[in-house]
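Novice: Okay, handing you the structure first.
The values are calculated or read from the model by the stated rules, or taken from the named source; none is laboratory data. The structure displayed is predicted, hence computed values, not measured ones. Counting neighbours? That spans all protein chains shown, and the Cβs are built from the backbone with ideal geometry, glycine included.
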Amino acid sequence: MPQHEVSTPVSVVDDTGHPGNFGWSRFPCFIYDPGLLWAPRRRISESDRYIVFTPTHLVVMEIRDDGYQGYLGMSVISLKDKKRSTYIHLKPFPLGGFSMPADSTKGSIKLVQGKTRLDFVVMEGGVRILRADFPRFGRHRSLRGELVLFEPASPESLVTNIPWRREKNSFRCSRRSPWYTVEGVIQFGSSELVFTRGNAWGIFDWNRGVRPRSDLRFWAAGCGTAGSRQLSFSVGYGSEDSSQGTENAFFVNGKLHKLDQVTFHINPADWLLPWRFTSNDGRLEMTFVPNQERVEWTGLVFYSMTRRQVYGRFSGRVILDDTSEVEFREMIGFAERLKSGF
């Protein structure tokens, strides 16, 4: 289907504060300002999430303000031992109190709850620093550490601004950057998780918008190498209207190759059986072998969110924009289904 690529800065809303200028871009050119939105603060949703991993571990860090519910979460997943530990703190009615940056390219977030602290810092040159300090993290272990994320040369991201099919006053502006290299150390109890550039990767997931009354979406992402090149991807779909810009792309050394529609083929009886991913244009054939899954439910009186995440390895082939074909095997990543509503 035709998609609308945006290449110059535009606002995500029109003069009345309602969503507009839908499409996708290779760069963060959609201008988001929560002060211009028509919606009350309780309907505005803002989140920053980082997924970083080595061949043996994944670490997920997230801060989100969903109006009714604030969320600070961190998970450590061991692919080798098939174990995981998670810390979640919920704050009722943050209503913008987390001061989430309006621009994905700058600004920092610092969230402190008692002695627990999670910081996301954006430096010049696209470098990002993630700091975590959790005195109690799963079975009374402590977790603390610092990771540095580096961009590839002249990177492109998958940035979309899309509405919902049945709720045209709701929209989501997102940025997916799945190509960071990572270095640093996380001290987890008596263990050290060591991240070294060339052997550790990071995915940045940034979302801002006006939440619909109910939402359902699927997303998968991964990063690794194919020969001498870095290869990564972000694919997904859901209840929003993606006719002007799907959330599907592969990246080679940080350069974007756009895909149209991608479908997740999942065995509903057992999500730990292999998955299959296909695109409607025949450019993608990919399998996903799950290692383990995690189901998370959070909710307050007015709002709830259920997220089912599966971690594992991706293999397959993709045809790039220049018609060349790239094969990849055992790329680490994850897939998820998110349902939310109020």
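Novice: Residues that are touching a Gly at 6+ places or on another chain (Cβ under 8 Å) and over 16 Å from D205 (Cβ atoms), at least 3 per element: which strands (runs of 3 or more DSSP E) completely within the stretch 12-98 meet that?
Specialist: Hits in the stretch 12-98: 69-78, 83-92.
Novice: Moving on. If I go through the stretch 239-268 residue by residue, how many of them are assigned to a strand (DSSP E or B) and in contact (Cβ under 8 Å) with a residue 24 or more places away in the chain?
Specialist: 12
Novice: Would you confirm, using the coordinates I've provided, whether F120 is of a type outside the set (D, E) and farther than 28 Å from M331 by Cβ?
Specialist: no
Novice: Another question, then. Yes or no: F22 under 26 Å from K258 (Cβ atoms) and under 16 Å from the mean Cα position of the chain (by Cα)?
Specialist: Judged against the criteria, F22 is not a match.
Novice: In the stretch 170-191, what count of residues is obtained for those that are over 29 Å from A226 (Cβ atoms) and either under 13 Å from the mean Cα position of the chain (by Cα) or part of a strand (DSSP E or B) (or both)?
Specialist: The number of residues fulfilling the criteria is 6.
Novice: Could you tell me whether the stretch 36-43 includes any residue that is over 17 Å from P163 (Cα atoms) and in contact with a Phe, Trp or Tyr (Cβ under 6 Å, 6 or more places away or on another chain)?
Specialist: Yes - at least one qualifying residue is present in the stretch 36-43.
Novice: Given the conditions (1) closer than 16 Å to D215 by Cβ; (2) touching an Asp or Glu at 6+ places or on another chain (Cβ under 8 Å), and given that F27 satisfies all but one, which numbered condition is not satisfied?
Specialist: Exception for F27: condition (1).
Novice: Can you list the strands (runs of 3 or more DSSP E) lying wholly within the stretch 269-322 that have 3 or more residues being under 15 Å from A220 (Cα atoms), at pLDDT 95 or above and of a type in the set (G, A, S)?
Specialist: In the stretch 269-322, 304-319 are the strands (runs of 3 or more DSSP E) which contain 3 or more residues that are under 15 Å from A220 (Cα atoms), at pLDDT 95 or above and of a type in the set (G, A, S).
Novice: For Y68, only one of the following conditions fails: (1) under 30 Å from V185 (Cα atoms); (2) of a type in the set (S, T, Y); (3) over 18 Å from the mean Cα position of the chain (by Cα); (4) crowded, with 16+ Cβ neighbours inside 10 Å. What is its number?
Specialist: Unmet for Y68, out of (1) under 30 Å from V185 (Cα atoms); (2) of a type in the set (S, T, Y); (3) over 18 Å from the mean Cα position of the chain (by Cα); (4) crowded, with 16+ Cβ neighbours inside 10 Å: (1).
Novice: Identify, by number, the condition in (1) free of Cβ contacts under 8 Å to residues at least 60 places away in the same chain; (2) surrounded by fewer than 15 Cβ atoms within 10 Å (Cβ to Cβ); (3) more than 18 Å from F150 (Cα to Cα); (4) not basic (K, R) that P92 doesn't meet.
Specialist: Among (1) free of Cβ contacts under 8 Å to residues at least 60 places away in the same chain; (2) surrounded by fewer than 15 Cβ atoms within 10 Å (Cβ to Cβ); (3) more than 18 Å from F150 (Cα to Cα); (4) not basic (K, R), the lone unmet condition for P92 is (1).
Novice: For residues in the stretch 24-60 being surrounded by 16 or more Cβ atoms within 10 Å (Cβ to Cβ), touching a Lys or Arg at 6+ places or on another chain (Cβ under 6 Å) and of a type in the set (S, T, Y), which is farthest from F342 (Cα to Cα)?
Specialist: Top of the filtered list is Y32.
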